[in-house]
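This report concerns only the one structure given below.
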């Protein structure tokens with residue numbers, strides 16, 4: 001059960017209550033077992049947070065260092081990729097606004113190329129058959145989004161061909177495929193009235 | 001951590017010596033990874049740490065040795081990881097439930113606390129981590145997040161209250 005003071009315990013613990021209110025709360029604590037218990041729990045929580053140690057799992061590994069070593073040794077041209085991704089995702093945002101999603105953006109892993117190819121192929125076919133149901137400005141935004149994402153995917157493919165072990169580009173490729181699938185799925189949902 | 005070898009290695013690394021940067025990495029990575037685990041969660045801690053060190057390598061020219069290297073790196077890490085957190089939130093569905101998080105790999109630390117932290121709303125988790133785990137002041141947090149001190153305090157109190165509830169629920173199961 002809470003009372004007027006139960007939401008002020010954290011402020012009291014940090015010494016942020018004005019002196020008058022702090023005195024009132026101290027008087028209240030004498031009589032209120034719930035607030036006394038709350039304060040004890042709060043103190044334990046703050047101590048637990050402060051005591052969270054550096055864990056064995058936090059220790060660096062040779063594998064992680066090698067990944068960083070590769071990233072800092074790679075030619076700077078690979079940083080062309082983030083700008084392409086940014087452009088692609090900006091396009092995605094524009095298409096998203098025009099397509100008026102009823103649900104928040106849902107991103108799923110599209111890490112397996114064969115699964116990704118099949119999913120996009122199916123969605124593109126449905127979209128071709130139902131394109132007439134979309135408003136012209138929606139089609140325009142959709143095409144601009146897909147073009148931006150496709151351009152970023154092409155850049156990522158070239159970067160991966162030159163440096164297949166580049167973790168950053170590999171992750172970016174997955175994000176771009178996710179983004180492409182999300183755009184297609186949303187467009188299909190608008191065109192057909194069915195969520196896939 | 002002694003400033004001497006850090007400063008010397010930072011200068012060598014700024015001149016392009018990757019071996020010197022490696023020595024800095026081995027001395028400081030655990031603390032950065034712990035911060036990344038707290039802010040991003042265990043499954044993204046490794047990627048977040050990598051991003052911090054890549055940015056550190058590129059930004060070493062700005063390190064003048066006025067503060068300890070560890071302090072400079074920690075500040076940079078907080079900035080990079082907060083941006084990563086924001087980015088990952090945009091990528092993810094906002095609706096994260098404790099049940100979903102229960103399926104995430106733990107880090108062998110305090111898994112209940114990690115899951116409860118991960119379930120805090122956007123904007124609250126970072127304030128709790130920075131204030132109660134990394135000892136930042138509300139003034140520093142306010143400047144980092146672009147909010148006022150009173151907003152930072154409010155988020156901290158909300159976050160602690162939510163954590164109490166989440167941990168109590170888990171412990172009752």
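Values quoted throughout were computed directly from the atomic coordinates according to the rules given, and no laboratory measurement underlies them. This structure is a prediction, so every number in the text was calculated from the model and none was measured. Heads up, the Cβs are rebuilt from the backbone with ideal geometry, glycines too, and the neighbour counts pull from every protein chain shown.
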(request) Between residue B:151 and residue A:139, with labels modelled 7 Å along Cα→Cβ, what's the label distance in nm to one decimal, could you check? (result) 4.3 nm
(request) Over the whole of B:118-126, what's the average partner chain Cβ count within 10 Å per residue? Rounded to a whole number, please. (result) 0
(request) Mind running the shape call on region A:9-50? Use the C-alpha gyration tensor, a ≥ b ≥ c as the square roots of the eigenvalues: rounded below 1.5 for a/c, prolate if a/b tops b/c, oblate otherwise. (result) oblate
(request) Take every residue in peptide A:9-16, count the Cβ atoms of other chains within 10 Å of its Cβ, and give the average of those counts. (result) 4
